[in-house]
Amino acid sequence: MTIAAEDKNGDSRQSSIDQAEVDRFSALAREWWNPTGKFKPLHKFNPVRLTYIRDQASLHFGRDARSSKPLQGLRVLDIGCGGGLLSEPMARMGAEVVGADASATNIEVAKIHAAQSGVSVDYRAVTAEQLAAEGETFDIILNMEVVEHVSDVNFFMTTCASMVRPGGLMFVATINRTLKAGALAIVGAEYVLRWLPKGTHQYEKLVRPEELQRPIEASGMNLIDRTGVFYSPLSDSWNLSRDMDVNYMVLAERPKAAAASRI
Amino acid sequence: MSQPHTRERFDIVVGGAGYVGLATAVAIKASAPELSVVVVDAAPENAWQRDERASAIAAAASRMLDHLGIWSALSEHAEPIRDMIVTDSRNGDEIRPVFLTFDGEVEPGEPFAHMVPNKELVKALRSRAKDLGVDVRQGLKITDAREDTDLGVRSVLLSDGETIAARLVVAADGLHSGLRAMAGIKTVSWKYGQSGIVTTVRHERPHNGRAEEHFLPAGPFAILPLKDNRSSLVWTERTEEADRLVAEDDFVFEAELERRFGHKLGTISLAGGRRAFPLGLTLARDFVVSRMALVGDAAHGIHPIAGQGLNLGFKDAAALAETVVEASRLGLDIGSVSVLERYQAWRRFDTFQMGVTTDVLNRLFSNDVTPLRMVRDVGLGLVDRMPKLKSFFIKQAAGLSGEGAPRLLRGQAI
């Protein structure tokens, strides 16, 4: 299942991969991007998190959020990018996006879809640690629905924070470890509504806001905003909310260092 | 399958260059100039200039037109409706008891509606579309509109053999929408057995901006003020009777017209052609499918009793434009069902409500049953005595009521 595809151009790689594999990835791409399929919850969730990211980033970097390319020229890392549901919109908003995912399959799927929709995203099958080791830095790091799946939150947050440029931002979205979250996000979403496959989330791995705050602040960044995100069954949509008991997002900023050594 | 024909790509293709299709294209393009928009229409070049009908444009819709830079070109052709009376009467009644009167301003100096000739509206919209860089192509019939999931487009095949691939297809091709059928969207519909005769009359004395709706036994008879001592009529009759009247000599038609119009405005004469349109209620079961959204009559055909057809269509245009522009600014796929569902949720319930309201009104008023007549007259009389309720109805008619109106209808930018 591992794909040997290291920085070759699309065409030569296409011809070296067998057709059955390509078909399989295309089918998976269709699945990822089908708004009424298995990933429907993510599609539903996308507008609220994209709006939050765009509005906060526009405010921070002094952009017009209503323009067609508010993120023009900003270098963005989408860590745990999956099929590219966030990476593509970010790129369309003008950002220079690196989409990273530990799963080589996801990366192939994301590449196929980006080619089909004519969006340019630099997809790489790498981990955050590998990117940090390569000395990559970014204006914005997106850490969306990832931390609840990693084994060592402290280490992961510290690694990500190390790649944020001075004056840059890091967004983290996850699920709180509360009884309410256990009831709604696990029992509700996985067992009752069947939005997500059973076993998608494990209660012990959910993350409290203070557990993000500690490594973020220890890395020299400041938390500058936090918000809850709540599902409204009546309008069948997600909205920002003050209630951070279930889904929430936090935003951290790395101060423009006094001794501004822009990397 | 390889054809010598070209294949163009647009972000949005609008099928139908009526006022709703054009308004949708203009509203989107004015707010998001980076989106490429083309409008294709089956009618020959300049056919729109022969439309003799006029439409009531509610205050909300004219705020939108104003915001889009169209109202200034239109205002010289627009006759404000200054007040409105409603009567319940029989043909030939010389004295028609007035049950309901409305002073027609929603804000000081802003009438709740204007009457505008359709061709002037279409002309102004076309000219604005051109200025904004929206391509409007006439004489092209859409013969197919199939989705290509992998390319993320719907491909529209045109009668000249060309194909346009678009991320979103807007079906604005009217009551018998071909695009709706191609997408496999079913409708719920029934006929009223009534037809609306539409014509224009000239009268001796000025109407002073008064609109009148007379509930005659065969159905509503509406007189709507136009410029220069003229009025637009919507005259409801049983379908067979309407067809007979339209086919009659001018002399007979005029005589029948006079019996219903009355003599308050002096001598009347016909000032245009006449046509009868069968009336019914048609609602599309879905307003959106993947890469297609229905607007205007393609989504809903309602009874003209409340003069809301155009206004519902403009609400669709404003809501779809807002949905699409906001999604586009977030970098989302504008043709995806997850984006379009917002438009559907926004419009379908409101449309259903309006469809039911007009249906009930029509059933209540299009008859000569004495007990019903008494009930409805008491009802109208009560409304007339309750200023709060009246102002509610005026706001409703002006399209200004209700939570969450699209921003353009509030005169604001998307």
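The values are calculated or read from the model by the stated rules, or taken from the named source; none is laboratory data. Source: prediction; values computed, not measured. Note that each Cβ is placed from the backbone with ideal geometry, even for glycine, and that neighbours are counted across all protein chains shown.
What number of residues within segment A:188-203 satisfy the criterion of being exposed (fewer than 13 other Cβ atoms within 10 Å of the Cβ) and either more than 20 Å from residue A:238 (Cα to Cα) or of a type in the set (Val, Ile, Thr) (or both)?
Taking segment A:188-203 and keeping what is exposed (fewer than 13 other Cβ atoms within 10 Å of the Cβ), we get A:191-192, A:194, A:197-199, A:202.
Checking which are either more than 20 Å from residue A:238 (Cα to Cα) or of a type in the set (Val, Ile, Thr) (or both) leaves us with A:192, A:198-199, A:202.
Residues meeting the conditions: 4.
Any idea how many residues of segment A:118-173 are polar (S, T, N, Q) and under 29 Å from residue B:152 (Cα atoms)?
So in segment A:118-173, the residues polar (S, T, N, Q) come out as A:120, A:127, A:130, A:137, A:143, A:151, A:154, A:158-159, A:162.
If we keep only those that are under 29 Å from residue B:152 (Cα atoms) too, we end up with A:120, A:143.
The number of residues fulfilling the criteria is 2.
Residues that are farther than 30 Å from residue B:206 by Cβ and in contact with a Lys or Arg (Cβ under 9 Å, 6 or more places away or on another chain) do not occur anywhere in segment B:50-62. Just one of (1) at pLDDT 90 or above; (2) touching a strand residue (DSSP E or B) at 6+ places or on another chain (Cβ under 8 Å); (3) more than 14 Å from chain A (Cβ to nearest Cβ) trips up residue B:52, so point out which. Of the numbered conditions (1) at pLDDT 90 or above; (2) touching a strand residue (DSSP E or B) at 6+ places or on another chain (Cβ under 8 Å); (3) more than 14 Å from chain A (Cβ to nearest Cβ), the odd one out for residue B:52 is (1).
If you go through segment A:57-74 and keep only what is within 13 Å of chain B (Cβ to nearest Cβ) and in a helix (DSSP H, G or I), you end up with A:57, A:58. For residue A:47, are the conditions met, namely being under 18 Å from the mean Cα position of the chain (by Cα), under 18 Å from residue A:173 (Cβ atoms), at the interface with another protein chain (Cβ under 8 Å from one of its Cβ atoms) and modelled with pLDDT under 95? Judged against the criteria, residue A:47 is a match. Among the candidates B:195, B:155, the residue that is over 12 Å from residue B:40 (Cβ atoms), surrounded by 22 or more Cβ atoms within 10 Å (Cβ to Cβ) and among the hydroxyl-bearing types (Ser, Thr, Tyr) is uniquely B:195.
For residue B:34, state whether it is within 14 Å of chain A (Cβ to nearest Cβ), in a loop (DSSP other than H, G, I, E, B), charged (D, E, K, R) and over 21 Å from the mean Cα position of the chain (by Cα). Give the steps one after another, and end with the answer.
Values: within 14 Å of chain A (Cβ to nearest Cβ): yes; in a loop (DSSP other than H, G, I, E, B): yes; charged (D, E, K, R): yes; over 21 Å from the mean Cα position of the chain (by Cα): yes.
Judged against the criteria, residue B:34 is a match.
Considering the conditions (1) in a helix (DSSP H, G or I); (2) under 20 Å from the mean Cα position of the chain (by Cα), residue A:214 is excluded by exactly one of them, (2). Consider segment A:231-246 and keep the residues that are in contact with a Gly (Cβ under 8 Å, 6 or more places away or on another chain) and in a strand (DSSP E or B). The one that is nearest to residue B:344 (Cα to Cα) is A:240.
Every residue, every condition in (1) of a type in the set (Ser, Thr, Tyr); (2) within 21 Å of residue A:53 (Cβ to Cβ), yes or no:
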| position | (1), (2) |
| --- | --- |
| A:120 | yes, yes |
| A:131 | no, yes |
| A:135 | no, no |
| A:142 | no, yes |
| A:149 | no, yes |
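Within segment B:38-49, the set of residues being surrounded by 18 or more Cβ atoms within 10 Å (Cβ to Cβ) and at pLDDT below 95 comprises just one member, B:48. Restricted to segment B:332-356, and to residues there that are in a helix (DSSP H, G or I), among the β-branched types (Val, Ile, Thr) and under 17 Å from residue B:154 (Cα atoms), the residue that is nearest to the other protein chains (Cβ to nearest Cβ) is B:337.
Quick one: in segment B:148-182, of everything that is under 26 Å from residue A:26 (Cβ atoms) and touching a Gly at 6+ places or on another chain (Cβ under 6 Å), which residue is farthest from the other protein chains (Cβ to nearest Cβ)? Spell out how you get there, then give the answer.
Going through segment B:148-182, the residues under 26 Å from residue A:26 (Cβ atoms) turn out to be B:148-157, B:163-169, B:182.
From the residues that got through so far, the ones that are touching a Gly at 6+ places or on another chain (Cβ under 6 Å) too are B:167-168.
On the way: B:167: 9, B:168: 14 Å.
Looking at the filtered set, the residue picked out is B:168.
For segment A:86-113, the set of residues classified as within 13 Å of chain B (Cβ to nearest Cβ) and at pLDDT below 95 consists of A:109, A:112, A:113, listed by residue number. When residue A:83 is tested against the conditions (1) at the interface with chain B (Cβ under 10 Å from one of its Cβ atoms); (2) surrounded by 23 or more Cβ atoms within 10 Å (Cβ to Cβ); (3) part of a loop (DSSP other than H, G, I, E, B), the lone failure is (1).
Each row is one residue, and each column tells you yes or no for (1) in contact with a Leu (Cβ under 8 Å, 6 or more places away or on another chain); (2) modelled with pLDDT of 90 or more; (3) part of a strand (DSSP E or B).
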site	(1), (2), (3)
B:197	yes, yes, yes
B:208	no, yes, no
B:220	no, no, yes
B:232	yes, yes, yes
B:236	yes, yes, yes
B:241	no, yes, no
B:254	yes, yes, no
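As a summary of the residue check, residue A:129 satisfies the conditions (1) within 14 Å of chain B (Cβ to nearest Cβ); (2) part of a helix (DSSP H, G or I); (3) without any contact (Cβ under 8 Å) to a residue 40 or more places away in the chain except for the one numbered (1). Might you check whether a residue that is out of contact with any Gly (no Cβ under 6 Å at 6 or more places or on another chain), part of a loop (DSSP other than H, G, I, E, B) and over 30 Å from residue B:323 (Cα atoms) occurs anywhere in segment B:275-293? Among the residues of segment B:275-293, not one is out of contact with any Gly (no Cβ under 6 Å at 6 or more places or on another chain), part of a loop (DSSP other than H, G, I, E, B) and over 30 Å from residue B:323 (Cα atoms), which makes the answer no.
Quick check on residue B:32: is it surrounded by 24 or more Cβ atoms within 10 Å (Cβ to Cβ) and in contact with a helix residue (DSSP H, G or I) (Cβ under 8 Å, 6 or more places away or on another chain)?
So residue B:32 does not fit the description; no.
Has segment A:36-46 got any residue that is in contact with a strand residue (DSSP E or B) (Cβ under 6 Å, 6 or more places away or on another chain), in contact (Cβ under 8 Å) with a residue 24 or more places away in the chain and either within 27 Å of residue A:162 (Cβ to Cβ) or loosely packed, with under 15 Cβ neighbours inside 10 Å (or both)? No, segment A:36-46 contains no residue that is in contact with a strand residue (DSSP E or B) (Cβ under 6 Å, 6 or more places away or on another chain), in contact (Cβ under 8 Å) with a residue 24 or more places away in the chain and either within 27 Å of residue A:162 (Cβ to Cβ) or loosely packed, with under 15 Cβ neighbours inside 10 Å (or both). In segment B:111-152, counting only strands (runs of 3 or more DSSP E) that sit wholly within it, none holds 2 or more residues that are touching a Lys or Arg at 6+ places or on another chain (Cβ under 8 Å) and under 26 Å from residue B:77 (Cβ atoms). Within segment A:132-174, the residues that satisfy the criterion of being within 15 Å of residue A:222 (Cα to Cα), β-branched (Val, Ile, Thr) and assigned to a strand (DSSP E or B) are A:140, A:141, A:164, A:172. The residues of segment A:146-170 that are within 14 Å of residue A:251 (Cα to Cα) and surrounded by fewer than 21 Cβ atoms within 10 Å (Cβ to Cβ) amount to a single one, A:167.
The residue of segment A:24-44 that is nearest to the other protein chains (Cβ to nearest Cβ), among those that are outside any helix (DSSP H, G or I) and not small (Gly, Ala, Ser), is A:35.
The residue list B:230, B:238 contains one member that is farther than 22 Å from residue B:51 by Cα and basic (Lys, Arg), which is B:238. Of the listed requirements (1) under 30 Å from residue B:344 (Cβ atoms); (2) at pLDDT 95 or above; (3) not small (Gly, Ala, Ser), residue B:131 misses just one: (1).
Residues that are loosely packed, with under 14 Cβ neighbours inside 10 Å, within 19 Å of the chain's Cα centre (by Cα) and among the charged types (D, E, K, R): does segment B:135-150 have at least one? Checked segment B:135-150: no residue is loosely packed, with under 14 Cβ neighbours inside 10 Å, within 19 Å of the chain's Cα centre (by Cα) and among the charged types (D, E, K, R).
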